[in-house]
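Structure record follows, encoded as structure tokens.
Since every read-out is calculated from the coordinates, none of them should be taken as a lab result. Note that the structure is predicted; figures quoted are calculated from it, not measured. Note that we place each Cβ from the backbone using ideal geometry, even for glycine, and neighbour counts take in every protein chain shown.
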Ligand code: SF4
């Protein structure tokens, strides 16, 4: 199989030509640096996305706290994670990096705060 895949690691956004079989990435071309290999391999065999959203805060100085997944969650679970987070209410004090939802949906990935809320 082969296709063109955009590398989104940096703003250059290279259009990388990739060739792969059922189990491994065979070759890439037109990338501008070697970071593309791992990214393209992941996009083909285990695509992931960092989830960013906000959670409501009860009794805080601000009504919402921004959060993100500590790392990419499997792409096909992004909407499930969003549904799960729709049921979460955070409570202050909240510090950047606080784990507000540990091991979301048994992915092994924590949802952490990205701002302070007193
Ligand atoms: S291949 Fe390198 S230069 Fe091109 S988008 Fe990816 S990280 Fe950036």
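Looking only at the stretch 101-117, which residues are surrounded by 15 or more Cβ atoms within 10 Å (Cβ to Cβ) and assigned to a helix (DSSP H, G or I)? If the condition is that a residue be surrounded by 15 or more Cβ atoms within 10 Å (Cβ to Cβ) and assigned to a helix (DSSP H, G or I), then 104, 105 are the ones that fit. Selection of the stretch 8-61 for residues being touching a helix residue (DSSP H, G or I) at 6+ places or on another chain (Cβ under 7 Å) and away from the ligand (no atom under 12 Å from the Cβ) yields 20, 25, 47, 48, 49, 51, 53, 55. Scan the stretch 18-25 and give yes if some residue there is out of contact with any strand residue (DSSP E or B) (no Cβ under 6 Å at 6 or more places or on another chain), free of Cβ contacts under 8 Å to residues at least 60 places away in the same chain, over 29 Å from residue 2 (Cβ atoms) and surrounded by 11 or more Cβ atoms within 10 Å (Cβ to Cβ), otherwise no. Among the residues of the stretch 18-25, not one is out of contact with any strand residue (DSSP E or B) (no Cβ under 6 Å at 6 or more places or on another chain), free of Cβ contacts under 8 Å to residues at least 60 places away in the same chain, over 29 Å from residue 2 (Cβ atoms) and surrounded by 11 or more Cβ atoms within 10 Å (Cβ to Cβ), which makes the answer no.
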